[in-house]
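Nothing in this text is a laboratory measurement; each read-out follows from the coordinates by a stated rule. Keep in mind that this is a model prediction, so the values were computed, not measured. A quick note on method: Cβ atoms are made from the backbone with ideal geometry, for glycine too, and the neighbour counts reach across all protein chains shown.
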Amino acid sequence: MEKAKLDWKNLAFGYHKTDYNIRYTWKDGKWGEGVITDDVTIPLHMAATCLHYGQEAFEGLKVFEQKDGRPVVFRVDENAKRLNRGAEKIFMAGVPEEMFIDAVFRVVKANAKYIPPYGTGATLYVRPLLIGTGPQIGVKPADEYMFIVLVTPVGPYFKTGFKPVHLIVESEFDRAAPNGTGDIKVGGNYAAGLRASLRANWRDLRAASPVTAQVFSTHTSACSGAATTRWPAWANCRPRLSISLVFRRQPRVSR
């Protein structure tokens, strides 16, 4: 299959539209058949629990093209397990592991031309998303859910590779609390980290103007003593510090 005409070696880590996504609906206690669609919007009730009460969980995994042209994905079953841990913790309908894996394979196959060529450093990012779509006013679980898998080609998350970075330690904000949702991948965890990240960005820009900066959040825990990007599910870790990684980019020089 002919590849999409993209500048593969210079892709940013961000959203690039592809042709298809796949969707499943949970209603009356069971999942329906997956539907592949080119629609990039979601019809959503204004009282859906994902909007009001945070019933939303997601995953992230990558598809790599091998030297012989075969696409491979790493530990897709583990991503399915983690999504279901999240669903259980915030009382959403779980996604059967077989359905999760089949959804990933189907949507990747449908968007095969967007799998970046071997050796470019780019990958096809896969984003499974589970949301509560049933309307509720009052804190209670939804009675309907949607499971979506979308894909997008992306460049490396760390564009310059793993090099020493500037750290700003932020002790005023907590991204996750003990016995909370820090061990699962829910949107609220990331929203809670925005304030520290943006503050770090603002401080770095003031200190190093006109250098621009790119900020990523990470966190330390009592059980590891090292910066981690996710909490191990097997440990009762207590968050200690929120750390924002600031990658300074050199300003352009006019010639």
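Among 107, 126, rank each residue by its count of other Cβ atoms within 10 Å, from fewest to most, as a rough exposure measure. The partial results should precede the final answer.
Values: 107 25, 126 22.
The fewest-first ordering by Cβ neighbours comes to 126, 107.
In debye to the nearest 20, how big a dipole does region 1-149 give about its Cα centre with +1 on each Lys and Arg Cβ and -1 on each Asp and Glu Cβ? Don't skip to the answer; put the middle values down first.
Values: 20 positive and 19 negative charges, 89 e Å.
The dipole of region 1-149 has a size of about 420 debye.
Over the Cα atoms, compute the radius of gyration (one decimal) and Dmax (the largest Cα-Cα distance, rounded to a whole number) for region 19-138, in Å.
Rg then Dmax for region 19-138, in Å: 15.7, 54.
Report the FRET efficiency, 1/(1 + (r/R0)^6), for residue 67 and residue 33, where r is their Cβ-Cβ distance and R0 is 35 Å, rounded to 0.05. Don't skip to the answer; put the middle values down first.
Working: r = 36 Å, r/R0 = 1.02.
Approximately 0.45, to the nearest 0.05.
Select from region 1-104 those GluC sites (Glu not before Pro) which occupy a DSSP coil region and have at most 13 other Cβ atoms within 10 Å, ordered by residue number. Please list the in-between numbers first.
Working: sites: 2, 33, 56, 59, 65, 78, 88, 97, 98; in loops: 2, 33, 59.
Listed in order of number, the matching sites are 2, 33.
Taking 32 Å as the cut-off for C-alpha to C-alpha distance, list the pairs among 81/159; 30/62; 17/140 that go past it. Working shown, then result.
Values: 81/159 29 Å; 30/62 28 Å; 17/140 34 Å.
The answer is 17/140.
Could you work out the relative contact order of region 2-104? I mean the mean sequence separation of Cα pairs under 8 Å and 6+ apart, divided by the number of residues, in percent. Can you show the working numbers first?
On the way: 76 pairs, mean separation 17.0, N = 103.
Answer for region 2-104 is 16 percent.
One-quarter of the Cα convex hull surface for region 1-68, in nm²? All intermediate terms of the calculation are to be shown ahead of the outcome.
Values: hull surface 30.8 nm².
Directional mean of the projected Cα hull area for region 1-68 stands at 7.7 nm².
Using amide H atoms built 1.01 Å from N in the peptide plane, name the residues 5+ places from residue 31, or on other chains, whose amide H lies under 5 Å from its own.
none
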